[in-house]
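Novice: If you scroll down you'll find the structure; I have some questions about it.
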Amino acid sequence: MFKINENYLELQDSYLFSTIAKKVDEYKRKNPEKEIIKMGIGDVTRPIVPVIIDAMHKAVDEMKEQNTFKGYGPEQGYEFLRNKISEYDYKNRNIEISPDEIFVSDGSKCDVANILDILGNENKVAITDPVYPVYLDTNVMIGAAGKYNSEKGMYENIVYVPIKAENNFIPELPKEKVDLIYLCLPNNPTGTVLNKSELKKWVDYAKENKSLILFDSAYERYITEKDIPHSIYEIEGAKEVAIEFRSFSKTAGFTGVRCAYTVVPKELKGLTKENKEVELNKLWNRRMSTKFNGVSYITQKAAESVYTKEGQKQIEENIAYYMENARIIRETLNKEGYVTYGGVNAPYIWLKVPEGLTSWEFFDKLLNEKQIVGTPGVGFGPSGEGYFRLTAFGTRENTIKAMDRMSK
Ligand code: PLP
C-alpha cells in the first residue's frame, strides 16, 4: 500500500485557529443568545478601497475583448507590477531591487511555506518564539523539526529564540550556529519591532555564519515610528543573506483577493553538499515556473493600483483606521490595569494575562465572561504562554463595544 508523509504525524494539535473556532462554535451552541466579538484571527474587515475596485473592474472588462483578453501570464508576475514594486517599495527607500528579483504570488503564507522547496531539510532552523505558526509547522512537515518534546512544548531540532518582556521583546542571537532564521517584523503576534541597529546584528550574524534570514514583513505598512526598518534590505549587506516576504493582505485588504510577493536577490547564494555556490534566485524562479501558474491578471492590476497616488492615500486611511482601533484597545486595557505591548507599529496588542492564569484559561474566561475572542499566546509558541493577542482589525463599533465590556 502507498505510504504517507509521516512528518505530518509530528504536527501538534490542529492548527491554532481551528482550535479557537471549535471552542467558539461550542460556546455559541450553548449560548445562542450571546453576541460574540471576534478579536482573534488577523483578518481585515475594511472593504477594498475604490481605486482598487475600479482597477479590478477595468481588468475584468479587458477580459471580454478579443484584443485585450489575457490567458496565462508570466509565472513570476506581470512586468507592470514587478516594476512598480521595485520602484515604490524599494527604489523610493534607496534600495536597489530589480524587477527580476521580485516574484509575485497568491500569498505570503504559501511563499514562506514553499520556500522550503529550494532549501535542504538538514538545515538548523531558528524561529523566534512566539511567532506566526506557519514557519514551524512547515518545517515539521518536511521533517526538519525532529521529534516533539511535549514537556517543553518544543521540537528537538528547532532553535527557539524567545521574545518576551524579560528581554524587551528583542531576540538574542543564537549561541549555536544556525542555518535558517525566521524573522517576522513587525512581529505577529507581539506587535513589536527591531530598530536598525538591532536588525543589523542579525544581518551580521547571518553573514558571519553563512545563514539565510527569511524576513516576513507582512505588517511593514503599520510601522509608525522612525528608525524602524520597513525592509531588511535597508541594512547594508542584507541582500547577500535575506529573502523578504511582503503581502498586499494587510497593506491593502487583499486577504480574500490574494496577492503577495517574495524578493530573492541575485547576490543570495546557497551551498550544495559539495560546497558549490548556487544562486537562490535561479532556484526560486525554477520552482515558481514549475509549480505555479501566476496570479490572475485582474488581481495583479488591482495590486498595481495600490501604487497610484490615490491608491496610497486610500489604503493609508484604512491602516490609520485600524491603528486607531489599536490605540483604543491599548489605552482601555492599560486603564484597566493590563500590561500591554505592541499596537504602535503593528495592528496587534499583546497583553500579559492576569497572574495565575494560562493563556488558554484567559481565552476561556474572556469568551465566557465578556464574549470576546482573542488568541492565546501559547498558540504562537511556548514563550507565548502567559500572554494573549488581540487584533485591531475589527470594526470601530466592535472594538469600542469590546473595550466597553473590558471596562465593566
Ligand atoms: N505572514 C504573517 C506574519 C502573517 O501574520 C500572515 C497572515 O496573518 C501572513 C504572512 C499571510 O499572508 P497572506 O495573506 O499573504 O498569505
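Novice: Quick one: among Asn92, Asn121, Asn293, which has the greatest mean-square fluctuation in a GNM of the chain with alpha-carbon springs under 10 angstrom?
Specialist: Asn92
Novice: Could you run the Karplus curve 6.51 cos²θ - 1.76 cosθ + 1.60 with θ = phi - 60° over segment 114-128 and give me ³J(HN,Hα) per residue in whole Hz, x for Gly and Pro?
Specialist: 5, 4, 5, 4, 9, 10, x, 9, 9, 5, 7, 10, 10, 10, 5
Novice: If you don't mind, there's one more thing I want to ask. For segment 1-69, state which GluC sites (Glu not before Pro) are in a DSSP loop and have at most 11 other beta carbons lying within 10 Å of their beta carbon. Don't skip to the answer; put the middle values down first.
Specialist: Details: sites: Glu6, Glu10, Glu26, Glu33, Glu35, Glu62, Glu65; in loops: Glu33, Glu35, Glu65.
For GluC sites (Glu not before Pro) across segment 1-69 that sit outside H, G, I, E and B with at most 11 neighbouring Cβ atoms in 10 Å, the list reads Glu33, Glu35, Glu65.
Novice: Here's a follow-up. Identify the GluC sites (Glu not before Pro) of segment 319-408 meeting these criteria: DSSP loop state and at most 15 other C-beta atoms within 10 Å of the C-beta. Don't skip to the end; give the middle numbers.
Specialist: Values: sites: Glu324, Glu331, Glu336, Glu355, Glu361, Glu369, Glu385, Glu397; in loops: Glu336, Glu355, Glu385.
Hits after loop and neighbour filter: Glu336, Glu355.
Novice: Compare Gln76, Gln12, Gln314 in a GNM of the chain, Cα atoms joined below 10 Å, and give the one with the largest fluctuation.
Specialist: Gln12
Novice: Below 8 Å, C-alpha to C-alpha, sequence gap of six or more: please give me the relative contact order for segment 69-179 in percent.
Specialist: Working: 113 pairs, mean separation 22.5, N = 111.
That works out to 20 percent.
Novice: Relative contact order, percent, of segment 57-308 when contacts are C-alpha pairs under 8 Å separated by at least 6 residues? Mind showing how you got there, number by number?
Specialist: Details: 436 pairs, mean separation 61.0, N = 252.
It rounds to 24 percent for segment 57-308.
Novice: A further question on this structure: Only loop residues by DSSP count here, and only those with at most 16 other Cβ atoms within 10 Å; note down the trypsin sites (Lys or Arg not before Pro) in segment 6-53 that meet that. Show your work: numbers first, answer last.
Specialist: Details: sites: Lys22, Lys23, Lys28, Arg29, Lys30, Lys34, Lys38; in loops: Lys34.
Passing both the DSSP loop test and the Cβ count: Lys34.
Novice: So if I take the centroid of the Cα atoms in segment 178-216 and the same for segment 120-143, what is the distance between those two points in Å?
Specialist: What the calculation gives is 14 Å, centre to centre.
Novice: Who wins for biggest fluctuation among Glu220, Glu101, Glu279 in a Gaussian network model of the chain, springs between alpha carbons below 10 Å?
Specialist: Of Glu220, Glu101, Glu279, the Gaussian network model singles out Glu279 as fluctuating most.
Novice: What relative contact order, as a whole-number percentage, does segment 245-391 give when Cα pairs under 8 Å and 6 or more residues apart are counted?
Specialist: Values: 166 pairs, mean separation 19.0, N = 147.
That works out to 13 percent.
Novice: If you bin every alpha carbon distance in the chain into 20 Å steps from zero, what whole percent lands in each bin?
Specialist: 26, 58, 16, 0
Novice: Using the Karplus curve 6.51 cos²θ - 1.76 cosθ + 1.60 with θ = phi - 60°, work out ³J(HN,Hα) for each residue of segment 343-349 in order, rounded to whole Hz, and write x for Gly and Pro.
Specialist: Per-residue couplings from phi come out as x, 10, 10, 7, x, 10, 10 Hz.
Novice: Still on this model: Quick one: length gained pulling Lys365 to Lys64 fully straight, 0.36 nm per residue minus the C-alpha distance? Can you show the working numbers first?
Specialist: Details: separation 301, 0.36 × 301 = 108.36 nm, distance 5.38 nm.
Taking 0.36 nm per residue and subtracting the Cα distance, the gain is 103.0 nm.
Novice: To continue, here is another question. Return a single number: how many Lys pairs in segment 1-146, at a sequence separation of 8 or more or on separate chains, have alpha-carbon atoms below 23 angstrom apart.
Specialist: 14
We did not get these values from a lab; they are worked out from the coordinates using the rules stated. Worth saying up front: this structure is predicted, and the values here are computed from it rather than measured. Backbone-built Cβ (ideal geometry, glycine too); neighbour counts: all protein chains shown.
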